[in-house]
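Shown next, in structure tokens, is the structure this report addresses.
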Amino acid sequence: MPEATDEQKKRGGGFIESEMVAVLDFGGQYNQLICRRIRECGVYSELLPADLPVEKLRDLPLKGLILSGGPKSIYAKDALYPDPSLWELEVPILGICYGLQLMAQHYGGKVAGGEHAEYGPASLHITHGGPLFSDWGAEEPVWMSHGDRVLVAPPGFVVDAQTQETPIAAMHDTQRKRYAVQFHPEVSQTPKGMQLIRRFLMDICHCQGEWRLEDVVQQLVDQVRIQVGEQEEAICALSGGVDSAVAAAVAGRALGDRLHCIFVDHGLLREGEATQVLESFARLHIEVHYVDARESFLRQLEGVVDPEEKRKRIGAAFIRTFEVEAKRWGEVPFLVQGTLYPDVIESGSGASATIKSHHNVGGLPEDLHFSLVEPLRWLFKDEVRQVGLLLGLPETLVWRQPFPGPGLAIRIIGTVTPQRLQLVRQADAIVREEIEASGYHRQLWQYFAVLPGIRSVGVKGDARTYGETIAVRAVRSQDGMTAEWAPLPPALLAKIAQRLCNELPEVSRVVYDITTKPPATVEWE
Ligand code: XMP
């Protein structure tokens, strides 16, 4: 079992790797994406604070460095600057957007403050080319998003490319191993961007590109074993979601029957969900303690209409149930959670030694007095899914759409009763079944049914009805922070509406929600 290396301990964890290309984080919106792109090329990468002292960087197995984009002008009062000795590093450095401007300024070029902002698609005209552009044509589409721009390249730099608005859209100095682009190679709107990143990693930094998730799974398992030790026990709250399931699968492999998972069935789950989770873990030989708390949660929700009150009551009931159930194993010192790398970055970057947990699975508070075990804290969501599959979790669980902790309760407007729960659950199953059968679900972030509690007049057979309305919601999103409604094909919507009205006698009307977020939210409550 490998012991953590000194470098790993200094930066608070991470993988033990022979090579790494780090990204310094100047606050740009695509920074996590740069890190992911590097990993996609088979090179391990972490996003580190912009002003990280260079001695810390020297401790890493660094083959190259990327300076990210950022929202500010380099002339802003609170502009972020790297440690000045960064420029003495011998490894190759690639500046992207703000990173290019920092580089140009440092080496004596001329950077103009924001009069010619350029946002969106642009056509890159390759003038000189240079090592990063060997497989680019003379004119290629790129994505721009900048205010400042470089007007004069520093002495010793060759200008590689320009756009209509930006005279120096790429430059390099082979001698010093410094490279920079004004556009964003990491986004899909720059179609040849991945080729550029790969060239930087392989041709310039001479990386081997052998980082594979298959190999890190064992490290994840070993890290849990090292942290928990050979004797102690751990518990894990399964929420039914991907992150807690994969964290439990990793911890289960590490600890065997010293891991105790608790799955609280609050009765607000979707059709078949509880059975699916239990079966998946039984196949992995991981013990799951099923708690049937359906009645007590329903009692807690009796007569509650206010959405915030529903959330509070569900959260509190969850914690109480968890605390009571956890006692069956005595004093267990460790709690396994499915915290992901983006959460770690958002709460103060992976480079800091005192990383605080950003979110808690199942809404568990930190004062439960456990030491946290977070095996996924260095992984992005898509990597977590792959790890789940590698550990034998079924695709249906690994690829499931996000589902809120308070469950179906926040998809029922007004009071939650067993009858209304049953109706929205059945409606949700029909919506999911049809969208999944059409294959359209691969383009969607979420798709579900809502019971808005609106009655309307209809006619079924020859009789007048006064039935329930079902609202169908299907959205596209990258991260749930913003969302667009999905233009589902009319034939698919028609089939969903027909099935909802035919199969559910209470339903006499179906509407489709066409609001984006903002101004709406994804969920109705
Ligand atoms: P909203 O409705 O805020 O949702 O636009 C954004 C994303 O978060 C999910 N969501 C939750 N997830 N506990 C969760 O674990 C919650 O209380 C919760 N509320 C919303 C929602 O499904 C969407 O993916």
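A short reminder: the numbers here are calculations on the coordinates, not readings from a lab. Remember, it's a predicted structure, so these values are computed and weren't measured experimentally. Cβ placement follows ideal geometry from the backbone for every residue including glycine, while neighbour counts extend to all protein chains displayed.
General observations
- Since only Ala237, Ile496, Leu132 are under comparison, the one whose Cα sits farthest along the positive direction of the charge dipole of the chain, derived from C-beta charges on Lys, Arg, Asp and Glu, is Ile496.
- Computed on the chain, the Cα convex hull volume stands at 166 Å³ per residue.
- Per-pair calculated FRET efficiency, R0 = 41 Å: Lys72 and Leu390 via Cβ, rounded to 0.05: 0.55
- Student exercise, region 225-313 dipole from Lys, Arg, Asp, Glu Cβ charges, in Debye to nearest 20: 140
- Degrees separating the helix 418-438 axis from the principal Cα axis of the chain, which is the longest one: 50
- Note on region 417-512: dipole from Cβ charges, positive end direction compared against Leu423, Gly467, Val450; the farthest Cα belongs to Gly467.
- Seen from Lys517, the other residues with C-beta closer than 15 Å to its C-beta sum to a net charge of -3, counting Lys and Arg as +1 and Asp and Glu as -1.
- Calculated FRET efficiency for the pair Asp51/Glu232, C-beta based, R₀ 30 Å, to 0.05: 0.20
- Burial order of peptide ranges 69-77, 259-267 (average beta-carbon count within 10 Å, highest first): 259-267, 69-77
- Put a plus charge on the Cβ of each Lys and Arg, a minus charge on the Cβ of each Asp and Glu, and nothing anywhere else: the dipole of the chain about its Cα centre is then about 1040 debye.
- Residues whose amide H lies under 5 Å from that of Cys97, counting only those 5 or more places away or on a different chain, are Val181, Gln182, Phe183; hydrogens are built 1.01 Å from N in the peptide plane.
- A Förster distance of 35 Å, applied to the separation of the beta-carbon atoms of Asp382 and Val305, puts the FRET efficiency at 0.35.
- Cα→Cβ-extended label distance, 7 Å offset, between Arg455 and His125, nm: 7.0
- Cα gyration tensor shape of region 417-512, rounded if a/c is under 1.5, else prolate or oblate by comparing a/b with b/c: prolate
- Within the chain, helix-based [θ] at 222 nm, where runs of 4 or more DSSP H residues each add -39,500 (n - 2.57), nearest 500: -9000 deg cm²/dmol
- Cα-based helix-to-principal-axis angle, 307-326 vs the chain, degrees rounded to 10: 90
- Label-point gap, in nm, between Asp59 and Ala316 - each point 7 angstrom along Cα→Cβ: 4.5
- Options Ile345, His206, Val187, ranked by Cα towards positive dipole end of the chain, top entry (Cβ charges): Val187
- Taking the longest Cα principal axis of the chain as reference, the axis of helix 490-503 is set at about 20 degrees.
- Alpha-carbon gyration tensor eigenvalues x 5, square-rooted, for region 213-398, Å: 26, 19, 17
- For region 6-204, alpha-carbon Rg over 2.2 N^0.38 Å: 0.95
- Straight-distance crosslink candidates among aspartates and glutamates, where the alpha carbon sits under 20 Å from Lys72 and sequence neighbours closer than 8 are dropped: Asp25, Asp51, Asp83, Glu115, Glu118, Asp148, Glu165, Glu186, Glu346
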